[in-house]
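Take a look at the structure set out below.
The values are calculated or read from the model by the stated rules, or taken from the named source; none is laboratory data. Since the model is a prediction, treat every value here as computed from it, not as a measurement. No Cβ is skipped: glycine too gets one built from the backbone with ideal geometry, and neighbour counts run over all protein chains shown.
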C-alpha cells in the first residue's frame with residue numbers, strides 16, 4: 001500500500017496544476033466553502049499539495065479526459081516490469097473489469113492536451129496489460145471540449161450518470 005501511495009502521489013504532483021485549474025470549473029452541488037479554501041492536502045515528495053475534495057477531484061479528472069482510476073497506470077507498469085502485477089490482480093480480482101468500464105470515459109485527445117503525452121502513453125500501456133480496450137466515444141469527447149467548460153462538464157457528467 002505504501003508503495004502504491006508513493007506512485008499515486010508522484011502522479012498527482014506532476015499533474016496537480018492541471019487538476020486545480022479544471023477543478024475551478026466544476027460546479028458546486030451544495031452551498032459550502034470552495035475547495036480552494038477548504039480542500040484536502042497531500043504530501044508528495046516533500047511538497048504539500050492543495051487538492052479539491054472528493055466529488056470535485058473526481059469530476060475534474062474525468063473532465064480532463066482521464067478517469068481517476070487510471071492515475072495508477074504508472075504503478076501498474078512498474079509492477080509489470082518487476083513481474084508483480086499478477087499478485088496485485090489476485091488481490092484485486094475486479095481490477096480488469098474496473099479498467100474496462102472506465103475505458104468508456106477515457107478521452108486520450110483531451111488528456112494529451114491537458115496532461116501531456118507521457119501519462120496517456122502509460123495509461124494506454126496499462127490498459128493493454130489489463131486487456132482493457134476502448135476509449136470515449138466522439139460525442140462524449142466533444143462534450144469535454146465545449147468552450148463553455150461548465151456546460152461541457154455538466155453535460156459529460158450527465159452522460160456518465162454522475163458528476164464525480
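A few points about this structure:
- Note on region 141-160: residues that are modelled with pLDDT of 90 or more, touching a helix residue (DSSP H, G or I) at 6+ places or on another chain (Cβ under 8 Å) and more than 18 Å from residue 55 (Cβ to Cβ) amount to 3.
- Of all residues in region 20-55, those satisfying the criterion of being assigned to a loop (DSSP other than H, G, I, E, B), modelled with pLDDT of 70 or more and either under 20 Å from the mean Cα position of the chain (by Cα) or under 19 Å from residue 157 (Cβ atoms) (or both) are 24, 25, 26, 27, 28, 52, 53.
- Any hit, region 115-128, residues being modelled with pLDDT of 95 or more and closer than 18 Å to residue 153 by Cα: yes
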